[in-house]
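Everything below concerns the one structure shown next.
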Amino acid sequence: MKKGILVTVVILFATLSVVQAQEGELNGTIDVTYLSKYVWRGFDIYGDKSAIQPSIDLDLYGTGFGINVMGHMANSSEYVNGERWDYTLYYCNSLFEGESYATNYRLGWVNYNYPDQPSEGSAIAPNASLQELQALLSWPNMCPGGVVPSYILVKMWPSESGSFSGTNSPSGGTASGFIHIFMLDYPITIQGIMPDTAEQVLNLHTELIYNDGVGPAGQNVDQDWSNAVFGISTSFDLGSNLMLTPAIYHQVTMDKSVNDDKDETWVTAGLSYKF
């Protein structure tokens, strides 16, 4: 049943692409990001080891539909079997344009795949394939001073219910459930840092996560406010459609069932090319 749904969605996207090919252009972004550690929704995935995150995002001819493929690979042989690839199909649009309550939204389906692990997982390698539905809402005109609030609702579940990230988890936990992510972004404009650049925009980002008992690897996770993240990033235009984006983040962990460390700090550096 699930495979049939996936095939249907892929055919729909392919058909839509062919129809729109004569009306618009296929645009996208290729990105490679270095992370000093990979912290995902509060979880320290690679045990403080650094990681590389390649991705490609395709805008399907201005229709609002898109495809994103993103990899996560630790720079340590200790986590070689923890390589993960995320395949996302999404649709973006907006409502109430020009109003104070104008809403940008993105609806997506994600498949999290671990190519070096069996699909059903095991006690040693519990990270079986996962799926999720996500809805992102953002309100660009709601707050004064350029502050943009956003909210993401996530529903995750194991592709195989009887896997070690599902009903057979040794810890009694499960990867099935909801995650709520509340975010604020605030751009600050300062004097340009690079030569011939008059202004530089710094984006201040914060998020607060409520985990409804979801452990991606079958961990027994509390239903609680799990963590808060604070970050700052900026982008440098290198010319020829290349952008360099460094960032630094700090996490305060409220729930040790998600992360044993009280605090996490990491940096990232991404190089992207738009076409």
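The values are calculated or read from the model by the stated rules, or taken from the named source; none is laboratory data. Note that the structure is predicted; figures quoted are calculated from it, not measured. Quick reminder, even Gly has a Cβ in these numbers, built from the backbone with ideal geometry, and neighbours come from all protein chains shown. The protein model used for the area step is the full one, side chains on, heavy atoms only, and it has no ligands, DNA or RNA in it. Shrake-Rupley method; radii C 1.70, N 1.55, O 1.52, S 1.80 Å.
What part of the accessible area of the stretch 174-263, given as a whole %, is carbon or sulfur when the probe is 1.4 angstrom? Can you show the working numbers first?
Details: 2730 of 4820 Å².
Solvent-exposed carbon and sulfur of the stretch 174-263 make up 57 percent of the total.
If you filter the stretch 206-275 for trypsin sites (Lys or Arg not before Pro), then keep DSSP loop positions with at most 16 other Cβ within 10 Å, what is left? It would help to have the intermediate numbers written out before the result.
Values: sites: Lys256, Lys262, Lys274; in loops: Lys256, Lys262.
Hits after loop and neighbour filter: Lys256, Lys262.
Using the Karplus curve 6.51 cos²θ - 1.76 cosθ + 1.60 with θ = phi - 60°, what ³J(HN,Hα) values do you get for each residue of the stretch 220-233, in whole Hz, with x for Gly and Pro?
For the stretch 220-233, the Karplus-derived couplings read 7, 9, 5, 8, 6, 5, 8, 6, 10, 10, 10, x, 9, 9 Hz, x marking Gly and Pro.
Val252 versus Ser76, label points 7 Å from Cα toward the beta carbon: distance in nm?
Those two pseudo-labels are separated by 2.7 nm.
With r as the distance between the Cβ atoms of Tyr210 and Asp237 and R0 = 51 Å, compute the FRET efficiency 1/(1 + (r/R0)^6) and round to 0.05.
0.90
Under 15 Å from a label point 7 Å along Cα→Cβ of Thr265: give me every residue in the stretch 236-255 with its amide N that close.
247-253
For the stretch 77-84, take each phi angle, set θ = phi - 60°, evaluate the Karplus expression 6.51 cos²θ - 1.76 cosθ + 1.60, and give the result in whole Hz per residue in order, putting x for glycine and proline.
5, 4, 10, 4, 7, x, 4, 9
So what J values fall out for the stretch 136-150 if you push phi through Karplus, 6.51 cos²θ - 1.76 cosθ + 1.60 with θ = phi - 60°, rounded to Hz, Gly and Pro as x?
Per-residue couplings from phi come out as 10, 10, 9, 10, x, 10, 6, 10, x, x, x, 6, 10, x, 9 Hz.
Starting from 0.36 nm per residue, how many nanometres of slack lie between Tyr87 and Ala135 once their C-alpha separation is accounted for?
Extending this stretch completely gives an extra 15.7 nm.
Considering every pair of different Cα atoms, what Kirkwood radius, in Å, is found for the stretch 151-275?
This gives a value of 16.9 Å.
Using modelled amide H (1.01 Å from N, peptide plane; none on Pro or chain starts), what sits under 5 Å from the amide H of Asn227, excluding residues fewer than 5 places away?
Counting only residues 5 or more places away or on other chains, the set is Ile209, Met254.
Report the Cα centroid-to-centroid distance between the stretch 32-73 and the stretch 225-275 in angstrom, as an integer.
11
Please work out the average accessible area per residue across the stretch 134-266, using the 1.4 Å probe convention, and give it in Å².
51
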